[in-house]
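Heads up, the thing below is written out as C-alpha cells.
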Amino acid sequence: MRIGILGSGLMGGKLGTIFARGGHDVVFSYSHSEKKLERLARDAGAIAHAGTPREAAESADVLLIAVPWSRIADVLQQAGDVSGKIIVTCSMPMNDDDTDLVIAHSSSGAEELARMIPDAHVVSAFCTVPSEVLFAVFELRDTERRPSLVYCGDNKHAKTIAAQLIRDVGFDPVDAGPLRMARYLEPFTLLIAQLAYEGDEGPALAYRFERFEERE
Ligand SMILES: NC(=O)c1ccc[n+]([C@@H]2O[C@H](COP(=O)([O-])OP(=O)(O)OC[C@H]3O[C@@H](n4cnc5c(N)ncnc54)[C@H](OP(=O)(O)O)[C@@H]3O)[C@@H](O)[C@H]2O)c1
C-alpha cells in the first residue's frame with residue numbers, strides 16, 4: 001500500500017517507520033523540519049520518502065492523520081483533495097495543554113474529522129495505545145498473544161484496510177463498530193494514558209481483551 005503520513009511526530013514517525021519496515025510505500029509529511037522528514041524516510045528504508053502533505057496525499061491509498069487537534073484544519077488544507085481516500089486517524093480532540101477532550105459524549109474527534117472531509121472514509125485507530133509501545137509490539141508480532149487494538153468506522157472497505165495495517169503493526173484488531181463508537185474509544189484512550197504515564201511501570205503499555213465461555 002502507499003501510505004501518506006500527515007504528522008510525523010511520535011505517532012506518525014513511528015507508525016510510518018513500522019509500515020515501511022512491513023513493506024509499505026510511505027511518505028512522511030508535516031513537520032516543522034524538512035530534515036527530520038528526510039531522516040525518518042532514510043531510517044525507515046528504501047521505499048520511504050519525505051514530502052509535502054499534498055505529495056503524501058496525492059498518490060496515497062491510505063492517509064494517517066497524526067497531528068495535535070489544533071493542527072487538523074491546517075494539515076487538511078495543505079493535503080488538498082482527499083476525496084475517496086481512506087483516512088486512518090489517531091488524532092485525539094485534546095485541548096491545547098493536552099489535559100482534556102474538547103469534544104466528547106455527543107460527538108468525537110473522529111466524527112468531527114469525518115464531517116470536515118465528507119468524501120473520504122475515516123477510520124479511528126491507533127489512538128488507544130501510547131507511541132512508546134509501538135516498536136515493541138512490532139518486534140513481538142509473531143507471538144500468539146498479540147495485544148488488542150480497537151478501531152471503528154463506517155466504511156467496510158476502509159475498515160478492512162485499517163484492520164490489515166493494525167495486524168501489520170502487530171496488534172489483534174478489534175472492530176468496535178461504526179465511527180460514532182469513537183465517542184467511547186477516545187475517552188478510553190485517556191484511561192490508557194493515565195496508566196501509561198502516571199503509573200510506575202513505564203509508558204510502553206498495551207491492552208488485550210479476552211473472551212470466555214459463559215458459565216452458570
Ligand atoms: N503520542 C502518543 O503516544 C499518542 C497516543 C495516542 C494518540 N495520540 C494523538 O496523536 C496525535 C499526534 O500525537 P503525537 O504525540 O504524535 O504528536 P507530536 O509528536 O507532537 O507530532 C505531531 C506532528 O505534527 C507536526 N506539526 C505540529 N504542528 C505543526 C505545524 N504548525 N507545522 C508543521 N508541522 C507541525 C509536528 O512537527 P515536528 O516534527 O516539528 O514536531 C509533528 O511531526 C495527537 O492528536 C495525539 O493526541 C498521541
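Structure data summary
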item	result
Residue match in the stretch 34-54 (condition: among the charged types (D, E, K, R), open to solvent by 10 Å² or more (accessible area, probe 1.4 Å) and closer than 23 Å to PRO178 by Cα)	no
Yes/no for GLY84 being over 16 Å from the mean Cα position of the chain (by Cα), surrounded by fewer than 19 Cβ atoms within 10 Å (Cβ to Cβ) and not hydroxyl-bearing (Ser, Thr, Tyr)	yes
Search result, residues across the stretch 145-154 that are open to solvent by less than 80 Å² (accessible area, probe 1.4 Å) and part of a loop (DSSP other than H, G, I, E, B)	ARG146, PRO147
Per-region count, the stretch 178-203, residues over 24 Å from HIS121 (Cβ atoms), free of Cβ contacts under 8 Å to residues at least 60 places away in the same chain and part of a helix (DSSP H, G or I)	4
Those residues of the stretch 45-68 which are within 23 Å of GLY109 (Cβ to Cβ) and in contact with a strand residue (DSSP E or B) (Cβ under 6 Å, 6 or more places away or on another chain), in sequence order	PRO53, ALA56, ALA57, ALA60, ASP61, VAL62, LEU63, LEU64, ILE65
Residue in the stretch 61-77 that is surrounded by fewer than 19 Cβ atoms within 10 Å (Cβ to Cβ) and closer than 20 Å to ILE192 by Cα present	yes
Test: residue in the stretch 9-32 that is more than 24 Å from PRO130 (Cα to Cα), modelled with pLDDT of 95 or more and not small (Gly, Ala, Ser)	no
Total residues in the stretch 1-18, condition farther than 24 Å from HIS157 by Cα and in contact with an Asp or Glu (Cβ under 6 Å, 6 or more places away or on another chain)	0
Residue within the stretch 194-211 that is under 14 Å from VAL88 (Cα atoms) and in contact with a helix residue (DSSP H, G or I) (Cβ under 8 Å, 6 or more places away or on another chain) present	no
Residue under evaluation MET116, criteria (1) open to solvent by less than 10 Å² (accessible area, probe 1.4 Å); (2) more than 12 Å from the ligand (Cβ to nearest atom), criterion not met	(1)
First in the stretch 25-38 and of a type in the set (Ser, Thr, Tyr), second anywhere and near the ligand (Cβ under 6 Å from one of its atoms), Cβ under 6 Å, 6 or more apart	TYR30/GLY7; SER31/SER8
Every pair of residues 6+ apart whose Cβ atoms lie under 9 Å, when the first sits in the stretch 66-93 and is closer than 14 Å to GLY4 by Cβ and within 8 Å of the ligand (Cβ to nearest atom) while the second is open to solvent by 30 Å² or more (accessible area, probe 1.4 Å) and part of a loop (DSSP other than H, G, I, E, B)	ALA66/GLY9; ALA66/TYR30; VAL67/GLY9; VAL67/TYR30; VAL75/TYR30
Options ALA110, ALA104, ALA56: the member that is of a type in the set (Gly, Ala, Ser), within 21 Å of VAL174 (Cα to Cα), within 14 Å of the ligand (Cβ to nearest atom) and in contact (Cβ under 8 Å) with a residue 12 or more places away in the chain	ALA110
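Conditions (1) among the basic types (Lys, Arg); (2) open to solvent by 20 Å² or more (accessible area, probe 1.4 Å); (3) within 16 Å of the ligand (Cβ to nearest atom); (4) at negative phi, marked per residue:
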| site | (1), (2), (3), (4) |
| --- | --- |
| ASP96 | no, yes, yes, yes |
| HIS121 | no, yes, no, yes |
| THR143 | no, yes, no, yes |
| LYS156 | yes, yes, no, yes |
| ALA162 | no, no, yes, yes |
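The values are calculated or read from the model by the stated rules, or taken from the named source; none is laboratory data. Values in this document were obtained by computation on a predicted structure and should not be read as measured data. Note that each Cβ is placed from the backbone with ideal geometry, even for glycine, and that neighbours are counted across all protein chains shown. Heads up: the accessible areas ignore ligands, DNA and RNA and are worked out on the full protein's heavy atoms, side chains in. Shrake-Rupley method; radii C 1.70, N 1.55, O 1.52, S 1.80 Å.
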